[in-house]
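Here's the structure, in structure tokens; my notes come after.
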Amino acid sequence: METGSDILFFWVARMVMLCSYLKPTPMIINDNNNNSNDDNNLLRPPFSTVLLHPMVRDAQGRKMSKSLGNVIDPLHVIDGITLPALQQQMRMSTTLAQEEKAKAEKGMALDFPQGIPACGTDALRFTLTAYTQQGRNINLDIKRVEGTRHLCNKLWNAARFVLSHLQHQHQQQHQAQNDKSFTTTNATPLSQIDNSLHAADYTLADKWILSRLALVVKECNEGFESLNLSEITVSLHRFLLYEFCDVYLEFCKNSLKPTASPQERQCSQNVLYICLETFLRLLHPFMPFVTEELWQRLPLNSNLKIEQSPYKTQSIMVASYPVT
């Protein structure tokens, strides 16, 4: 169960007691002789683990209050809103006195002088998850949500770069293929890479980025097991921005040029496909919308049907999560 620490006793403890009292579920513990022991019959609670999320506050650490004008509506962060529209909504409130409304207007003008920009659902989800490392409180700063929106743009542009080169490969080799359900490309899937190319064919940069990808997969799985979600966001952010985009994409541009050898170009295309496809599955729990949109544009191997390919399902929601 996931909830807030402020209602741990008011709701969670009562749910445990009421569920155990109204609908008890016996849990029989067997002794060493595999004989049931009636004295060891216990009542199983409705849940065994409670994940507590921090309380969301404003950028200054103040508790959100309508009278202060620092309340942040998630829909405003997702869709964006101007300062006059924010103040107009506050004036229509029937729960505040005129003095409190005037105070709230001044607070809104100080906190959101340009209004709240549209950041999208994925950016808000990822930012709130990254904020959990602060402890019991989240000092939500809209500028940090904007920074995550730029990260989404970075992912989109990187995916466009990768898919453009996979599309170039398809147009040269499979111009007759016409698959309208997915992008008509023919990048080599993970299961066939070792059969078509040898490990010695890959450059040091190829092997380095694959090793970094394996590390991210390991860190993400460990983060989910320990319920340390903020560490997962740190790993995903580091890999996408500082390792894949800033380093590897710059290294592989020479091997993707028309003057490069076909073998060298094929190696880079394979690694790009692996990194993008795996990273989308790693990121999906935190950014479901942009990853689904990019997943639908990923290439599907022409030799495999959709239901037979473990590397491209009809939706990323039913794709397996990468494991070490």
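Data table
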quantity	calculated
Only one of Lys218, Lys257, Lys207 that is basic (Lys, Arg), closer than 22 Å to His165 by Cα and assigned to a helix (DSSP H, G or I)	Lys207
Top-ranked residue of the stretch 216-231 - restricted to ones that are of a type in the set (A, V, I, L, M) and modelled with pLDDT under 95, ranked as surrounded by the most Cβ atoms within 10 Å (Cβ to Cβ)	Leu229
Some residue of the stretch 101-120 being among the β-branched types (Val, Ile, Thr) and either under 20 Å from the mean Cα position of the chain (by Cα) or at pLDDT 85 or above (or both)	yes
Subset of the stretch 48-62 (residues that are assigned to a loop (DSSP other than H, G, I, E, B) and open to solvent by 60 Å² or more (accessible area, probe 1.4 Å))	Ser48, Thr49, Gln60, Arg62
Where a residue in the stretch 73-87 is among the acidic types (Asp, Glu) and its partner, wherever it lies, is open to solvent by 30 Å² or more (accessible area, probe 1.4 Å), with Cβ under 8 Å and at least six apart	Asp79/Ala118
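Residue-wise test of (1) over 30 Å from Ala97 (Cα atoms); (2) at pLDDT 75 or above; (3) among the hydrophobic types (A, V, I, L, M, F, W, C); (4) out of contact with any helix residue (DSSP H, G or I) (no Cβ under 6 Å at 6 or more places or on another chain).
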residue: Asp38; (1), (2), (3), (4): yes, no, no, yes
residue: Leu42; (1), (2), (3), (4): yes, no, yes, yes
residue: Leu51; (1), (2), (3), (4): yes, yes, yes, yes
residue: Ile78; (1), (2), (3), (4): no, yes, yes, no
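Conditions tested, residue by residue: (1) touching a His at 6+ places or on another chain (Cβ under 7 Å); (2) surrounded by 15 or more Cβ atoms within 10 Å (Cβ to Cβ); (3) among the hydroxyl-bearing types (Ser, Thr, Tyr); (4) within 30 Å of Phe126 (Cα to Cα).
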residue: Ser235; (1), (2), (3), (4): no, yes, yes, yes
residue: Arg238; (1), (2), (3), (4): no, yes, no, yes
residue: Tyr242; (1), (2), (3), (4): no, no, yes, yes
residue: Asn254; (1), (2), (3), (4): no, no, no, no
residue: Arg265; (1), (2), (3), (4): no, yes, no, no
residue: Gln269; (1), (2), (3), (4): yes, yes, no, yes
residue: Tyr273; (1), (2), (3), (4): no, yes, yes, yes
residue: Leu276; (1), (2), (3), (4): no, yes, no, yes
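The values are calculated or read from the model by the stated rules, or taken from the named source; none is laboratory data. Only a predicted model underlies this, so the values are computations on that prediction, with no experimental measurement involved. Note that we place each Cβ from the backbone using ideal geometry, even for glycine, and neighbour counts take in every protein chain shown. SASA here: full protein model, heavy atoms, side chains in, ligands and nucleic acids out. Shrake-Rupley method; radii C 1.70, N 1.55, O 1.52, S 1.80 Å.
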